[in-house]
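The values are calculated or read from the model by the stated rules, or taken from the named source; none is laboratory data. Remember, it's a predicted structure, so these values are computed and weren't measured experimentally. So basically every Cβ, Gly included, is an ideal-geometry build from the backbone, and we count neighbours across all protein chains shown. Keep in mind that these areas ignore ligands, DNA and RNA; they rest on the heavy atoms of the full protein, side chains included. Shrake-Rupley method; radii C 1.70, N 1.55, O 1.52, S 1.80 Å.
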Amino acid sequence: KYYFSNNEYFSYYDARSLTHGPENSFVKVRWNLSKTFVREFVREHGNKFENLAYIKQSVGVNCLEKKTYNLSLETYDNEGRLIFSSYRPWEWSVIIPDLESHSLCKEVCK
């Protein structure tokens, strides 16, 4: 389901993957990337990402504390091939109004 967009990407979450635990909820998201985003990403991270098309993440959401964290991140090319993956939890981030994580929280924490 669509939940957010800006000039860099469109964000979707997989409603079927949404699970609610005692403290946190978990969901899979996908960012379909703009060409502008990809150009900047290649400039910062190298030509390995020149065919980057989308990013998938597994995200934890703490609805009471209004925080999120990424459990995993995967980047894919325009053929659907995996370019890079990371499967380690990141630090908790406070949800800031009007940003992507805020929109995701509104969907997940209904």
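Annotation for region 36-55: at least one member residue is β-branched (V, I, T) and open to solvent by 30 Å² or more (accessible area, probe 1.4 Å). Here Y3 meets the list (1) in contact with a helix residue (DSSP H, G or I) (Cβ under 6 Å, 6 or more places away or on another chain); (2) of a type in the set (F, W, Y); (3) over 14 Å from E100 (Cα atoms) almost entirely, failing just condition (3).
Scanning region 1-14 for residues that are in contact with a strand residue (DSSP E or B) (Cβ under 8 Å, 6 or more places away or on another chain) and not charged (D, E, K, R) gives Y2, Y3, F4, S5, Y9, F10, S11, Y12, Y13. Only strands (runs of 3 or more DSSP E) whose full extent lies in region 17-95 are considered here, and the ones with at least 3 residues that are within 19 Å of F4 (Cβ to Cβ), touching a strand residue (DSSP E or B) at 6+ places or on another chain (Cβ under 6 Å) and among the aliphatic types (A, V, I, L, M) are 25-33, 52-62. Scanning region 1-16 for residues that are in contact (Cβ under 8 Å) with a residue 12 or more places away in the chain and polar (S, T, N, Q), we see that the one that is least open to solvent (accessible area, probe 1.4 Å) is S11. Filtered by the rule that a residue be closer than 15 Å to F4 by Cβ and either more than 13 Å from the chain's Cα centre (by Cα) or assigned to a loop (DSSP other than H, G, I, E, B) (or both), region 96-110 gives I96, P97, D98, L99, K106, E107, V108, C109.
Which of the residues that make up region 68-110 are surrounded by 15 or more Cβ atoms within 10 Å (Cβ to Cβ) and of a type in the set (F, W, Y)? Selection gives Y69, Y76, W90.
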